[in-house]
Ligand SMILES: Nc1ncnc2c1ncn2[C@@H]1O[C@H](COP(=O)(O)OP(=O)(O)O)[C@@H](O)[C@H]1O
Ligand SMILES: [Mg+2]
């Protein structure tokens, strides 16, 4: 199957709703090992994206994603603002003027976004950040596609890997971001950014999956 | 939650509106994007000093905008870093052509947002320097953490580098001074109570009546360790010794290179304090602790410094870098040479600091 522009717009809308439903949850995760604002930051950013989206919903996918990225950069703040902002800017540049995406395009979209996160924040695996959800997800997606899987089953493997990656942050001691200041006290808590990243990928799958 | 606010979403905007109307002789406020800037900016021929960070630390940074200190300050939401468009627009508004120095507290959010802003400003033809403040000795290593946080030294740096800009230092000279002053400063903070971010509605962490949190940052993030409550003397001594006995600290920072148009890594080592050092001592309230208690802390701090052969030559006591209504304090010691003292004593005219005028 190929992913249409309308589905990308639908994904962003669903994601905004999911983040707003999880606002308290994400903020509570951030209060354990951070400064209790992650859900607030993400909701503020995606509310702004919702205001901007109607103006670009008939443009190409690259344009829609880049607008999302710029909007997040200028409204989220915190560490996650420039990181997710860069994610969407880069994913937008990667798909360019396309109006539909095949499964390889979808992989390229996500890969470019994650590369953007790595360039900006320089996380490595097991630093207890959002990258711990993205890295295994991308890897799972790559091997599923290489094994010849279709978009939906491949993406659901990626979501499962992101979920495992997210849960695997619990026993880790943070080495990046605010949580790193807690030293061993960061152990035993799930990373808020890894959680929002999982929700991002999950809502992409839920959007593409026929109900 | 019991606070003097109207609506949670309007807290930052209304605070800025209040500042603008209270201090119209010194500063102006631009909205969307939000930044506070000197009423007489851009100041011809002078390097522009810009800082910023989450709100909730008042008077820092907006209260330090004015002659002899900051040219602009970019406030984020409460305890949330500002966004790059704020720093970028502020830079355009206050740059006189002599360049812009960003003073950035070392928090991942602040760092990433300021780095993005520096790239935008540079692309627009503005010469820019981006210097980190990382003085919190509660953070021991830089290898397994995001490095020391920027705390009390920030206030002293803004005063000193602001005076240098006023005196006509070049952009590179301001940056070198800023880096050096940061390397001379060390801080340690503690909390007696938590604080409540208006948008969160409940305290960031719970702290029992008989407990205190040592090694706290300035965002209500939990500190390094929790201890039974003790006396002012014991607390002051413990914090002072953490600072005075802190060994050399090293880390790699990222700075902007205007010639290469890219980021460069710099390896920096802060030398420990020594007997014979002259220092500026700064005892700060986290917001909820009265000045009377700060003097009790200062009293013991002065004794500990004297015992170590360190001479306090200037001091600053009061709430300058706060965490909303948190009770607690921080101590900053800054090694001061003749140049730094001269710049410290230079006139300053801002809502938060004012002397010599
Ligand atoms: N250097 C980094 N690289 C990648 N992700 C990071 C980095 N630093 C922090 N993060 C992510 O950002 C999340 C925190 O986001 P948020 O609470 O919005 O910002 P802040 O920490 O500035 O308050 C963390 O849970 C982590 O996943
Ligand atoms: Mg946070």
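Readers should treat all values here as calculations from the given coordinates under stated rules, not as data from a laboratory. Since this is a predicted model, take the numbers as computed values, not measurements. Here Cβ is always computed from backbone atoms with ideal geometry, including for glycine, and neighbour counts include all displayed protein chains.
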In whole angstrom, the spacing between the Cα centers of segment A:128-169 and segment B:210-253 equals 41
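Just tell me how shielded A:76-89 is by partners: mean number of partner chain Cβ atoms within 10 Å of each residue's Cβ, no decimals.
6
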Segment A:3-208: Kirkwood hydrodynamic radius (Cα pairs, Å) comes out at 16.7
Final fewest-first order of A:84, B:295 on the 10 Å Cβ neighbour count is B:295, A:84
Segment B:52-188: spread of alpha-carbon positions along the three principal axes, whole Å, largest first, is 39, 28, 28
In whole percent, the Cα-Cα distances of the protein assembly as shown spread across 10 Å bins from 0 upward as 4, 18, 28, 26, 15, 6, 2, 0
Between the modelled labels at residue B:176 and residue B:271 (7 Å from Cα along Cα→Cβ) the distance in nm is 1.7
Across B:108-118, the residue-averaged tally of Cβ atoms belonging to other chains within 10 Å stands at 6
Sorted on mean Cβ neighbours within 10 Å (highest first), peptides B:99-112, A:7-20 come out as B:99-112, A:7-20
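For residue B:6 and residue B:252, compute 0.36 nm times the residue count separating them, minus their Cα-Cα distance, and round to one decimal in nm.
84.2 nm
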Relative contact order of segment B:206-299 (C-alpha contacts under 8 Å, at least 6 apart) in percent is 20
Heads up, segment A:108-171 by the C-alpha gyration tensor (a ≥ b ≥ c square roots of eigenvalues; a/c under 1.5 rounded, else a/b over b/c prolate, else oblate) looks oblate
In cubic angstrom per residue, the convex hull of chain B built on its Cα atoms measures 123
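Based only on other Cβ atoms within 10 Å, what is the fewest-to-most ordering of B:313, B:253, B:43, B:78? Kindly include the intermediate steps, with their values, before the conclusion.
Numbers: B:313 13, B:253 21, B:43 16, B:78 25.
Result, fewest neighbours first: B:313, B:43, B:253, B:78.
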For the residue B:263, residue A:51 Cβ pair and Förster radius 22 Å, calculated FRET efficiency rounded to 0.05 is 0.10
Mean separation of Cα contacts under 8 Å (at least 6 apart) over the residue count of segment A:3-208, i.e. the relative contact order in percent, is 22
For segment A:153-192, the percent of all C-alpha pairs falling in each 10 Å bin, from 0 up to the bin holding the max distance, is 32, 39, 22, 7
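Is there a simple number for the mean count of other chain Cβ atoms within 10 Å of the Cβ of residues in B:331-337, and what is it? Intermediate results must be reported in sequence, preceding the final value.
Details: counts 0, 0, 0, 0, 0, 0, 0.
So the per-residue partner count for this stretch is 0.
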